[in-house]
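Worksheet: one structure, shown below.
The values are calculated or read from the model by the stated rules, or taken from the named source; none is laboratory data. Bear in mind that the values here come from a model prediction, so they are computed numbers and not experimental data. As a convention, Cβ positions derive from the backbone with ideal geometry for all residues, glycine included, and neighbour counts pool all protein chains shown.
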Amino acid sequence: MKPIDSDFADRRKTANEAKQALLDKAKARLNSPEAEKAREERAAVVAAREERQAQKRAEDEQKQREEEAREVEREAVRQAEEEAKKADQNRLIDQMVSDEAARKAERDAKYASRKARQGKK
């Protein structure tokens, strides 16, 4: 009869050999020309992706600057329109004040004339 330990030792040895064979196979695949080609292709894809992302960021920054310029222009136009509206309102107010002053001066002149006529009598 075989001792029980030798059967276990054989299985353990076989398992270790299988693991080592898998490791050797994986190392061989990592160093193969196909693996090197695949790494180069992945590196090219990554580089192209980074270039596209950089270009997109540059385009987004350009769009942002253009939008900011348009916003500044819109704000300037809005301010100019607001100032023109205020100037027009001020002109109307000034005209109303001057018209009121002219009416008051005319009324005062009539009153003074009437007083002068009444004083002669």
Worksheet item: Going by the conditions given, is GLU59 assigned to a helix (DSSP H, G or I) and surrounded by fewer than 10 Cβ atoms within 10 Å (Cβ to Cβ)?
Response: no
Worksheet item: What number of residues in the stretch 1-25 are among the aliphatic types (A, V, I, L, M), assigned to a helix (DSSP H, G or I) and modelled with pLDDT under 85?
Response: 2
Item to complete: Report yes if ALA21 is at negative phi and surrounded by 10 or more Cβ atoms within 10 Å (Cβ to Cβ), otherwise no.
Response: yes
Fill in: Filter result for GLN118 (out of contact with any Phe, Trp or Tyr (no Cβ under 8 Å at 6 or more places or on another chain) and surrounded by 10 or more Cβ atoms within 10 Å (Cβ to Cβ))
no
